[in-house]
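*Asks:* One structure coming up, written as structure tokens, with questions to follow.
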Amino acid sequence: MKILAILAALFLSIGYGYAQTYEKFVEKSFDFLDKNDLVSAEESLRAAMRLEPGNPNNYALLMNLGTIQRRQGKLANLGKIPFSPIPPP
């Protein structure tokens with residue numbers, strides 16, 4: 001499973017050269033969901049939220065992220081904030 005996550009991260013880092021906007025990351029997450037690629041869909045949502053942490057639409061992305069994590073069996077992660085909009089001191 002870790003190898004799959006590493007490969008997905010490498011693929012996403014190469015493929016995201018074209019998907020640089022918040023909207024493109026969200027669109028890519030839906031494309032990945034259509035292909036049942038949950039790891040890549042999760043990474044796309046996280047990338048969108050990292051790009052615009054103050055976006056008012058992030059609540060919907062967080063709900064989608066929770067659904068993806070539930071489908072992956074990551075029940076221990078549900079309810080945890082996946083990123084901090086406030087940088088560490």
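The values are calculated or read from the model by the stated rules, or taken from the named source; none is laboratory data. Everything numeric in this text was worked out from a predicted model, so none of it was measured. Note: ideal-geometry Cβ built from the backbone for every residue, glycine included; neighbour counts use all protein chains shown.
*Asks:* Residues of segment 49-69 being small (G, A, S) and in a helix (DSSP H, G or I), which ones?
*Replies:* Restricting attention to segment 49-69, the residues satisfying the condition of being small (G, A, S) are 54, 60, 66.
Matches in segment 49-69: A60, G66.
*Asks:* Within segment 63-89, which residues are surrounded by 15 or more Cβ atoms within 10 Å (Cβ to Cβ) and at pLDDT 90 or above?
*Replies:* If the condition is that a residue be surrounded by 15 or more Cβ atoms within 10 Å (Cβ to Cβ) and at pLDDT 90 or above, then N64, L65, I68 are the ones that fit.
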